[in-house]
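> Pasting a structure below so you can have a look.
Every number here is computed from the coordinates shown, using simple stated rules; none is lab data. Keep in mind that this is a model prediction, so the values were computed, not measured.
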Amino acid sequence: MADSDNSRTLPVVTRRRLLSTSATWLAAAQVGDVDAELYSADDQPDGGDPALMLWQEWWAAHEQVERFCRKQQRLETALIAAVGFPHVDIAVPGQDWVVAAFTFEEIDRRFGDAPENADAKMQAKATLAEQQAAWDELDDRMGHSRAKQAEEQAFAIREERLNHLFSKPAHSVAGAAAKLHAVLAMGEDSPVDEFPWPQIRAAVTDLLRLGSRPSGT
C-alpha cells in the first residue's frame, strides 16, 4: 500500500513541468489554437470560453506574485546577512540559557517591573533600538519593505482574480482544465496535504490528452 501511495507522489520537477506544459496549452487555447470541438454544441461562445480569459488574468497575477516573492526573499536575506535581524538576547535569571526578544514589549515582559532589572532593561532596549535603526536605514536603501508591500498587493490581486475565475462556469474542456491548473498552482505554493493533489494532477493530464488529440480520434 505504501508503494502505491508513493507512486502517486510526483517529484517537484515533474510537477512543475506539468504546470508549465498545461499553462502553455491553455494559453494556446485562449487565443483559439485549440480545436473548437472542445466546446459543447450548445455552449460555444462567440469569443471563446470566458473562463480562459479569466484564467489568463489569474495566471499573470500568479506569476507576478512569484516574482515579488523571490525579490522580497532575496532582499530580506541580504538584509539579515548585512546587519542581522533586530533582536536582543536576554539571560534568563537562574538559568544557563538566553532568550531572544524582538520588541520592546518582549523586553518589558522578560525583565518585569523589578527595580533591580531597570538598568539591564534600559540597556536591552537601547541595543534593540540601535539594531532596528541600522535595519531601517539599510532597508530604506535596498527597498525591502517596498518589495514586501508590493508582494502583499500582488497576493490580494491574485486572490481576487482566482475568485473571478471560479465564479464563471467553464464552457469547454480547456476552461475546466484552466480551473484545475489554478488549483494545482496554488497547491504548489503551500501544499498542506498530499490529497487531493495526485488526483487533480491526473485529471489535468487527462484533459490535456483529450484536448490535444487529433480531431475525429
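> Pull out the extension gain between His164 and Asp140, defined as 0.36 nm times the separation in residues minus the alpha carbon to alpha carbon distance; nm, one decimal.
So the chain would gain 5.1 nm between His164 and Asp140.
> From the Cα gyration tensor of region 77-168, with a ≥ b ≥ c the square roots of its eigenvalues, which class applies: rounded if a/c is under 1.5, or else prolate if a/b is larger than b/c, or else oblate? Intermediate results must be reported in sequence, preceding the final value.
Details: a/c = 3.48, a/b = 2.15, b/c = 1.62.
Prolate, since a/c reaches 1.5 and a/b exceeds b/c.
> At 0.36 nm per residue, minus the direct Cα-Cα distance, what do Lys71 and Ala28 gain on full extension? Give it in nm, one decimal, please.
Working: separation 43, 0.36 × 43 = 15.48 nm, distance 2.92 nm.
Full extension of this stretch gives 12.6 nm more.
> Using 0.36 nm per residue of separation minus the Cα-Cα distance, give me the extension gain between Glu188 and Phe104 in nm, one decimal. Walk me through the numbers before you get to the answer.
On the way: separation 84, 0.36 × 84 = 30.24 nm, distance 3.72 nm.
The span from Glu188 to Phe104 would gain 26.5 nm if fully extended.
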